[in-house]
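The values are calculated or read from the model by the stated rules, or taken from the named source; none is laboratory data. For clarity, every value in this text was computed on a predicted model and none was experimentally measured. All Cβ positions, even for glycine, are placed from backbone atoms using ideal geometry, and neighbour counts span all protein chains on display. Ligands, DNA and RNA are excluded from the accessible area calculation, which covers all protein heavy atoms including side chains. Shrake-Rupley method; radii C 1.70, N 1.55, O 1.52, S 1.80 Å.
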Amino acid sequence: MTLEELEAKYAYYKGLDLKLNMARGKPCKEQLNLSMGMMDMLNSWTDLTGEDGDDCRNHGVLGGLEECKRLLGSIIEVPSDNIIIYGNSSLHIMYECISRSMTHGVMGSTPWCKLPKVKWLCPVPGYDRHFAITEFFGIEMINIPMNEEGPDMDLVEELVSKDEYIKGIWCVPKYSNPNGVTYSESVVKRFATLKPAAKDFRIYWDNAYSVHHLYPDKQDFLLEILDECAKAGNPDMVYKFTSTSKISFPGSGVAALATSKANIADITKQMGVSTISYDKVNQLRHVRFFHDVHGIRTQMMRHANILRPKFELVEKILDEELSDCPIAKWTKPLGGYFISLEVPGIAKEVVARCKECGVALTPAGSAYPYHNDPNNSNIRIAPSFPTIGELETATRILCLAVKIEYAKTLKA
C-alpha cells in the first residue's frame with residue numbers, strides 16, 4: 001500500500017470512535033470468573049481456625065499462616081521457613097523493602113538516606129512500576145541491556161563489584177515484563193556468585209509469572225535463586241517476591257517475600273512495628289480454595305486456555321501485517337502477560353497514532369527508567385484484557401500505525 005492508501009485506511013478506523021485498551025496486563029472477566037468459587041469457601045458458619053490452632057479472625061501470626069506459606073512456597077519452590085506472607089500486593093512489599101532500607105538500613109548497614117548517593121541496576125526493557133519505585137526514592141537508575149538469556153551479566157558483574165553505592169537490581173526472571181525472556185541457568189548462577197562491593201546489595205527477584213505458562217507442553221524452566229545463592233555462599237543476597245494477583249483476584253490476593261532466615265529476622269523485627277498481622281482470613285480462603293500446588297497448576301491451565309488464543313491471535317496478525325516491515329521485531333513468549341514489539345525510531349509516534357484511533361497502549365518509553373527509551377523503540381502489548389474481537393481490531397490498528405510511521409520515515 002502507498003502512504004496515501006494507509007492514511008485512508010487509518011481515517012476509516014479513526015471514524016469508528018473506538019475505545020480499546022491494551023495498556024496494562026489486567027486479567028479479563030473470564031479469568032476473574034475462574035476464582036469465584038473462592039467466595040464460597042468461608043461464611044458465617046465456617047470454622048476459621050488455622051491448622052496450628054490460630055483463630056484467623058484475631059490478631060497474631062505476624063509472618064502468616066503456615067499452610068499459606070506452604071502454598072505460596074510451592075509456587076516459587078521455597079520452603080515455608082523462608083517465607084513471610086503479606087497483604088495483596090508484591091509491589092507494595094518491594095516498596096516497603098526499599099523504604100525500610102532507606103530509613104534503617106539492611107541488617108545493620110548504614111541507612112541509605114545517610115549516604116551521598118544510591119544507585120540501582122535496571123534491566124531494560126523492564127517493568128515500569130519497578131522503575132517508578134526507585135525513581136520515587138531518588139535512586140539513580142542504570143540501564144542494563146537484556147538479551148535472550150537475561151540481563152547482560154558481564155556488565156552487571158563489573159558494575160556491582162566496583163561501586164559500593166549500587167544497592168540492588170530489579171529482576172523479572174521468568175517470562176519477564178515486557179519481552180517474555182526467562183533467565184538461563186548460566187545467568188541465575190552468575191547472579192548467585194556476584195561479589196558486590198556493597199554488603200547490603202540485594203537482588204530484587206520478582207517472580208511474578210512463575211506458574212503463568214501458556215502451553216501445557218512448552219514451558220520455560222527457571223533455576224531456583226535462593227538455593228543457588230546459598231550454595232555460592234551468598235544466602236542473604238536475594239529478596240524473592242510472588243503473589244496470587246494473576247492466579248486468583250488482583251487486588252484481593254496474597255503476596256509473599258521469600259529470603260534467608262537472617263533477612264527474615266531483620267525484616268520482621270521492623271515489620272512488627274507497622275502491623276500485628278495481615279489478613280489471615282484471606283490467607284485461609286486461598287488455602288481452602290487451591291489446597292496445594294496441584295490446585296494452583298489446574299487453575300493456571302484454565303487461565304492459559306483463555307490467554308493462549310489471544311497471544312496466538314496477536315502473533316498471527318503481527319506475522320501477517322509486519323513480516324515485510326524490516327524494522328519491526330516482536331517476541332513470542334511461552335508465558336507471562338506481554339508481547340514486546342520493537343520498532344526503532346518510531347515507538348512514540350506509533351503509540352500516539354493508536355491513541356488518536358481509540359487504542360490505549362502503555363506509554364512509549366515506560367519500559368525504561370525515567371521513561372527514556374534511547375532508541376524510541378519498545379512498545380508493550382498486553383493481550384489479556386480485551387475480547388478476541390477487540391484484540392483483533394486493536395492489533396490491526398497498531399500494525400497500521402507502524403506501517404504509516406515507517407512509510408513516513410522512508411518518504412522523509
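Residues in region 1-31 that are of a type in the set (Lys, Arg) and either open to solvent by less than 60 Å² (accessible area, probe 1.4 Å) or part of a loop (DSSP other than H, G, I, E, B) (or both): Lys19, Arg24, Lys26.
When region 366-392 is examined, which residues are found to be among the hydroxyl-bearing types (Ser, Thr, Tyr) and out of contact with any helix residue (DSSP H, G or I) (no Cβ under 8 Å at 6 or more places or on another chain)? The one that is among the hydroxyl-bearing types (Ser, Thr, Tyr) and out of contact with any helix residue (DSSP H, G or I) (no Cβ under 8 Å at 6 or more places or on another chain): Thr387. One residue is enough: does region 211-232 have a residue meeting the conditions open to solvent by 20 Å² or more (accessible area, probe 1.4 Å), polar (S, T, N, Q) and under 20 Å from Val156 (Cβ atoms)? Within region 211-232, none of the residues are open to solvent by 20 Å² or more (accessible area, probe 1.4 Å), polar (S, T, N, Q) and under 20 Å from Val156 (Cβ atoms).
Residues of region 372-395 that are open to solvent by 50 Å² or more (accessible area, probe 1.4 Å) and either assigned to a helix (DSSP H, G or I) or in contact with a Pro (Cβ under 9 Å, 6 or more places away or on another chain) (or both): Asn375, Phe385, Ile388, Glu390, Glu392.
Name the residue, out of Gly37, Gly50, Gly64, that is touching a residue at least 24 places away in the same chain (Cβ under 8 Å), under 26 Å from His130 (Cα atoms) and of a type in the set (Gly, Ala, Ser). Step by step, each of Gly37, Gly50, Gly64 is checked, and only Gly64 is touching a residue at least 24 places away in the same chain (Cβ under 8 Å), under 26 Å from His130 (Cα atoms) and of a type in the set (Gly, Ala, Ser).
Between Val181, Val160, Val172, the distinction of being open to solvent by less than 10 Å² (accessible area, probe 1.4 Å) and touching a residue at least 24 places away in the same chain (Cβ under 8 Å) belongs to Val160 only.
Residues Lys348, Lys332: which one is within 28 Å of Pro178 (Cβ to Cβ), of a type in the set (Lys, Arg) and in contact with a helix residue (DSSP H, G or I) (Cβ under 6 Å, 6 or more places away or on another chain)? Talk me through it step by step, then tell me what you get.
Numbers: Lys348 fails: in contact with a helix residue (DSSP H, G or I) (Cβ under 6 Å, 6 or more places away or on another chain).
Result: Lys332 is the single residue among Lys348, Lys332 that is within 28 Å of Pro178 (Cβ to Cβ), of a type in the set (Lys, Arg) and in contact with a helix residue (DSSP H, G or I) (Cβ under 6 Å, 6 or more places away or on another chain).
Of all residues in region 247-299, those being open to solvent by less than 10 Å² (accessible area, probe 1.4 Å) and among the aromatic types (Phe, Trp, Tyr) number 1.
Can you name the residue in region 332-358 that is crowded, with 22+ Cβ neighbours inside 10 Å and under 19 Å from the mean Cα position of the chain (by Cα) and, of all such residues, is farthest from Ile247 (Cα to Cα)? Taking the candidates together, the pick is Leu341. Condition (residue is closer than 30 Å to Leu361 by Cα and either of a type in the set (Ser, Thr, Tyr) or in contact (Cβ under 8 Å) with a residue 40 or more places away in the chain (or both)) applied to region 186-199: is it met by at least one residue? Scanning region 186-199 turns up no residue that is closer than 30 Å to Leu361 by Cα and either of a type in the set (Ser, Thr, Tyr) or in contact (Cβ under 8 Å) with a residue 40 or more places away in the chain (or both). Residues in region 286-331 that are over 21 Å from the mean Cα position of the chain (by Cα) and among the hydroxyl-bearing types (Ser, Thr, Tyr): 2 in all.
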